[in-house]
Amino acid sequence: AQSVAQPEDQVNVAEGNPLTVKCTYSVSGNPYLFWYVQYPNRGLQFLLKYITGDNLVKGSYGFEAEFNKSQTSFHLKKPSALVSDSALYFCAVRDRTGGSYIPTFGRGTSLIVHP
Amino acid sequence: NAGVTQTPKFQVLKTGQSMTLQCAQDMNHEYMSWYRQDPGMGLRLIHYSVGAGITDQGEVPNGYNVSRSTTEDFPLRLLSAAPSQTSVYFCASGRGEETGELFFGEGSRLTVL
């Protein structure tokens with residue numbers, strides 16, 4: 001079975017400060033991990049993914065995420081937040097073993113960047 | 001690039017009415033799926049398809065029906081609408097690879113009175 005948890009419903013950060021949106025996962029094997037962003041009244045957009053290799057993954061709009069196998073985490077980060085980063089962020093996981101293509105999504109974290 | 005196209009964007013139904021939400025993708029993706037998004041519930045998978053002629057149930061399939069007669073189209077049918085089906089519905093497609101990301105439509109907001 002695969003699952004993902006986003007422990008914070010909402011994250012507040014001031015513009016220009018670094019931001020972190022947390023994600024932890026549970027899989028029976030090794031994971032494929034994804035981050036998506038949803039702006040108001042829009043569909044989800046892919047940000048970045050971890051497949052294998054370097055634990056630090058860089059994605060769109062200056063976002064990056066760090067895969068930590070020992071802590072089963074894949075936290076989303078950005079060095080300097082923008083007001084325009086305010087959106088809903090979803091983490092998703094697929095288990096490499098088991099053969100299921102279907103990803104499991106977290107419940108989402110609302111990021112609010114204050115001017 | 002059209003990507004994933006959903007219609008209609010908004011719909012109001014009365015309890016008991018039926019309707020179809022349309023989803024089309026022009027990326028030749030094998031995998032297509034329908035989610036509903038409700039406050040505090042995240043995304044819940046309704047039905048999915050791994051290719052033309054193949055469909056399967058997700059987490060919350062009751063009250064919904066799907067078919068996949070072509071690679072491009074994956075309509076979602078509400079058989080007899082209920083207020084509990086008031087939600088925002090998203091169609092998503094993917095290449096059918098475990099490492100691949102999903103591509104989402106813009107959503108269809110449905111209200112059942």
Original post:
Counting only the backbone N, which residues of region A:15-43 are under 13 Å from the spot 7 Å out from the Cα of A:GLN71 toward its beta-carbon?
Top reply: A:20-25
Original post:
On average, how many beta carbons from a partner chain sit within 10 Å of the beta carbon of a residue in A:108-115?
Top reply: 1
Original post:
Along each of its three principal axes, how wide is the spread of alpha-carbon positions in chain B, in whole angstrom units, largest first?
Top reply: 39, 29, 27
Original post:
Along the Cα-to-C-beta direction of A:ASP9, a point sits 7 Å from the Cα; which residues of region A:71-115 have their amide N less than 11 Å from that point?
Top reply: A:110
Original post:
Over all Cα pairs of region A:1-77, how is the pair count split among 5 Å bins, expressed in % and running from 0 up to the last occupied bin?
Top reply: 3, 14, 24, 26, 20, 9, 3, 1
Original post:
Taking the protein assembly as shown as the region of interest, what is the percent of Cα-Cα pairs per 10 angstrom bin, listed from the shortest bin to the one with the maximum distance?
Top reply: 8, 32, 35, 20, 5, 0
Original post:
Residues of B:8-18, mean number of Cβ from any other protein chain within 10 Å of their own Cβ, rounded to a whole number?
Top reply: 0
**OP:** Please give the peptides B:67-79, B:93-105 ranked by average Cβ packing (other Cβ atoms within 10 Å per residue), highest first, as a rough proxy for protection.
**Re:** B:93-105, B:67-79
Original post:
Which residues' amide hydrogens lie under 5 Å from the amide hydrogen of B:ALA82, considering only partners 5 or more residues apart or on another chain, with H built in the peptide plane?
Top reply: B:GLY16
Original post:
Which whole-Hz couplings ³J(HN,Hα) result when phi for each residue of region A:74-84 is put into the Karplus expression 6.51 cos²θ - 1.76 cosθ + 1.60, θ = phi - 60°, listed in order with x for Gly and Pro?
Top reply: 8, 7, 8, 9, 8, x, 9, 6, 10, 4, 5
Subject >> Candidate aspartates and glutamates - alpha carbon under 17 Å from B:LYS9, same-chain residues fewer than 8 apart omitted >> reply: B:ASP38, B:ASP73, B:GLU106
Subject >> Gaussian network model of chain A, Cα within-10 Å springs - most flexible of A:VAL21, A:VAL37, A:VAL11 >> reply: A:VAL11
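Any read-out appearing in this document is the output of simple, stated calculations on the displayed coordinates, not a laboratory observation. A quick note: this is a predicted structure, and the numbers were derived from the prediction, not measured. Cβ: placed from backbone, ideal geometry, glycine included. Neighbour counts: every protein chain shown.
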